[in-house]
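Structure record follows, encoded as structure tokens.
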Amino acid sequence: MTWLVVRVRSDVGVERTIKETMHMLNLTRVNHAVLVPENDQYKGMLQKAKDYITWGEVSEATINNLISERGRLAGDKRIDDEVVKDNSDFKNIAGLSKAIAAGDATVKDVAGMKRVFRLHPPRGAKGWGGIKRSFRVGGALGARGDEIEALVARMM
């Protein structure tokens, strides 16, 4: 499985170790997202930065949409099937998405692809729903489970 992690809050005035953890996750700006494999090391990092990020398990279809619409190469060039075929062992974006969702591949497997996906702030009346509260009490922070897909759909 793979987690999609989205940065919700800024790191101004944040403890140094939490700031460093967010930088290790490549989450340097608000509304940036990354795909990380589900393992104990990343789980600890997510728990460390839980008051500034949100995350959840993501499906193959959402990964496919994310790479097609928001995936970029160096120089801000878009990702398409030809780029994936030329720069990796995969034949198209769908194959790459399937491997990432299963945990068999990462974004780093495509040479030159940026690891960060720049997203739009959440569209709609709800927006983030409060950036200082946990998702469990109606806010935006922490683990979301499958609800991350609805959020990312509003951000693409």
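Every number here is computed from the coordinates shown, using simple stated rules; none is lab data. Treat the numbers as computed from the prediction; the structure is a model and nothing was measured. Cβ: placed from backbone, ideal geometry, glycine included. Neighbour counts: every protein chain shown.
If the condition is being among the hydrophobic types (A, V, I, L, M, F, W, C) and touching a Lys or Arg at 6+ places or on another chain (Cβ under 6 Å), then segment 65-121 contributes Val107, Phe117. Of the residues Ile148, Ile79, Ile93, the single one that is surrounded by 12 or more Cβ atoms within 10 Å (Cβ to Cβ), within 12 Å of the chain's Cα centre (by Cα) and within 19 Å of Ala33 (Cα to Cα) is Ile148.
In segment 4-18, which residue that is touching a residue at least 60 places away in the same chain (Cβ under 8 Å) and in a loop (DSSP other than H, G, I, E, B) is farthest from Ala61 (Cα to Cα)? Quick ask: steps written out before the conclusion?
Keep residues of segment 4-18 that are touching a residue at least 60 places away in the same chain (Cβ under 8 Å), which gives 4, 6, 8-9.
Of the ones still in play, those that are also in a loop (DSSP other than H, G, I, E, B) are 8-9.
Values: Val8: 23, Arg9: 27 Å.
By that ranking, first place goes to Arg9.
Among the criteria (1) farther than 17 Å from Val152 by Cβ; (2) free of Cβ contacts under 8 Å to residues at least 60 places away in the same chain; (3) buried (at least 20 other Cβ atoms within 10 Å of the Cβ); (4) within 14 Å of the chain's Cα centre (by Cα), the one Thr21 does not fulfil is (4).
May I ask you to say which residue of Asn26, Asn64 is among the polar types (S, T, N, Q), surrounded by 14 or more Cβ atoms within 10 Å (Cβ to Cβ) and assigned to a loop (DSSP other than H, G, I, E, B)? Spell out the reasoning first.
On the way: Asn64 fails: assigned to a loop (DSSP other than H, G, I, E, B).
Only one candidate passes the filter, namely Asn26.
Would you confirm whether or not segment 82-96 contains a residue that is part of a strand (DSSP E or B) and in contact with a helix residue (DSSP H, G or I) (Cβ under 9 Å, 6 or more places away or on another chain)? For segment 82-96, residues part of a strand (DSSP E or B) and in contact with a helix residue (DSSP H, G or I) (Cβ under 9 Å, 6 or more places away or on another chain): absent.
Entry remark, segment 29-73: residues being farther than 21 Å from Met156 by Cα, in contact (Cβ under 8 Å) with a residue 40 or more places away in the chain and either among the charged types (D, E, K, R) or in contact with a Leu (Cβ under 6 Å, 6 or more places away or on another chain) (or both) number 3 in total. Regarding Arg136, is this residue basic (Lys, Arg) and outside any helix (DSSP H, G or I)? No, not satisfied.
Hey, can you tell me all the residues within segment 135-145 that are buried (at least 16 other Cβ atoms within 10 Å of the Cβ) and not aliphatic (A, V, I, L, M)? Phe135, Gly139, Gly142, Arg144, listed by residue number.
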